[in-house]
């Protein structure tokens, strides 16, 4: 027998003690901290992003950390070795909410455990709803039914969700409503975008949530135009589900626990460029025959806009009332590529591209490349910008654009909101001087 083989036989097996999904198992996924930190429940939840099942169904780190409640890998392993853990493995979306609340000490030092509720861990979505309903009598929380959403008198944390709130969806039918049962899922609201009309009333809102046990991991999820997913709306979540409602934690001061710094308000009509030449399909200038033909093609066929390989159809570029909200989760390795393909070349040569971003949601870097009808690439170079959210990028020579590629880099932050993409047929030296 060789010396190497003898040594291999004598070496301890690092996986010998692994019987299921203990932290010392080779299959164990140890992504994200064991003891997450943050000053809010959202920050605590964000510190656990990427936490994933491993080794077996509902097993691995989510089980030991979020279901059982360990904040230390060695303690989890010791308990597993001693056989003292009596908690079963289970779907863990509601358990993650319970864990985040405990770690963030929301609404009190032990999360859901209060002087009227014994356990910090609530393992069923229906029981979390019941907790919020009972919490109203104790001043620890409120439950918001989707039917009570009032866009004309919109108050996040009072009659609408807010960042830091609990969200649930579940099966719904016309006959039984939410009594149909099953299909429930628990989520935490992380970010909110409110779209206001010119008179200040709310027209719509989007939410970004953090979801535990979402495809076996902790990740972000986006809801665009939230009211459409309520029983009063026309759309569905996963074909059979609707938003059940929202739970808002209430602090010792009697105020809703909402992180309003994570609310973005966009007022429609504020962002039209004062010096754009013409926007296809918009009645803001008298178009000539060529523009009419181009505009009719857009209205009939739409713009093909591809984001990181996924193509959608639009009738307009962002501007005036339309915006693109691009969450950080859409970026791949810090970059997002957007290809805009017109149904036919723009009828006049374009001298520059003008971009406007929401001041809190601008990219960290970008590049702009145009293509003519023959596929020749032309690069636009940034000429000037104001306050990080206006940008004018010129081509070396005017070009008849057939398509346009925009690439945005995001090295941190919550995402990018594009409030305007304008084609400039001429450029004056003082064009960018705006209030």
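Applying the selection to region 232-251, what residues are more than 20 Å from residue 127 (Cβ to Cβ) and modelled with pLDDT of 95 or more?
Once the filter is applied, which keeps residues that are more than 20 Å from residue 127 (Cβ to Cβ) and modelled with pLDDT of 95 or more, region 232-251 yields only 251.
Exactly one of these conditions fails for residue 71: (1) under 29 Å from residue 250 (Cβ atoms); (2) outside the structural domain of residue 218 (by TED's automatic domain parsing); (3) under 26 Å from the mean Cα position of the chain (by Cα). Give me its number.
All conditions are met except number (3).
In region 390-427, what count of residues is obtained for those that are touching a helix residue (DSSP H, G or I) at 6+ places or on another chain (Cβ under 7 Å) and surrounded by 21 or more Cβ atoms within 10 Å (Cβ to Cβ)?
2
In region 145-174, what residues are part of a strand (DSSP E or B) and surrounded by fewer than 22 Cβ atoms within 10 Å (Cβ to Cβ)?
Residues satisfying the conditions are 171, 173.
Go over the candidates 251, 245, 212, 182 one by one and state the one that is closer than 24 Å to residue 131 by Cα, without any contact (Cβ under 8 Å) to a residue 24 or more places away in the chain and not assigned by TED's automatic domain parsing to the domain that holds residue 331.
Answer to the check: 182.
Considering only region 344-360, state which residues are within 23 Å of residue 266 (Cα to Cα) and not in a strand (DSSP E or B).
Matches in region 344-360: 358, 359, 360.
Quick one: in region 361-376, which of the residues that are assigned to a strand (DSSP E or B) and without any contact (Cβ under 8 Å) to a residue 40 or more places away in the chain is surrounded by the fewest Cβ atoms within 10 Å (Cβ to Cβ)?
369
Could you list all residues from region 375-421 that are over 30 Å from residue 43 (Cβ atoms) and at pLDDT below 80?
382, 383, 384, 385, 386, 390, 420 - these are the residues of region 375-421 that are over 30 Å from residue 43 (Cβ atoms) and at pLDDT below 80.
The values are calculated or read from the model by the stated rules, or taken from the named source; none is laboratory data. The model shown is predicted, which means the values in this text are computed figures rather than measured ones. All Cβ positions, glycine included, derive from the backbone under ideal geometry; neighbour counts span all protein chains shown.
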